[in-house]
C-alpha cells in the first residue's frame, strides 16, 4: 500500500514556505484578512470524548 502511495498518488511536491510566511505576516499585521473562526459542529458524544469545548 505504501509503495502504491509513493509511486502512484504523489505526483508533485511544492515548497510553499515563502507563501505561508507572507500569509502569516499579513495575518499578524491585519487580522481582518482572516475569516472569523467558528466552532466545527460535533455530536455531543464526540466532543466529550476529545475534550472539545465551545
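Every read-out reported here was derived from the displayed coordinates using simple, explicitly stated rules and does not represent laboratory data. For clarity, every value in this text was computed on a predicted model and none was experimentally measured. Cβ sites come from the backbone with ideal geometry, for glycine too, and all protein chains shown count toward neighbours.
Here are a few things to note about the model shown:
- Beta carbons closer than 6 Å, at least 6 apart along the sequence or on distinct chains, pair a first residue in the range 6-28 that is surrounded by 10 or more Cβ atoms within 10 Å (Cβ to Cβ) with a second that is part of a helix (DSSP H, G or I) for 26/33; 27/33.
- Residues within the range 29-43 that are part of a helix (DSSP H, G or I) and surrounded by 10 or more Cβ atoms within 10 Å (Cβ to Cβ), tallied: 1
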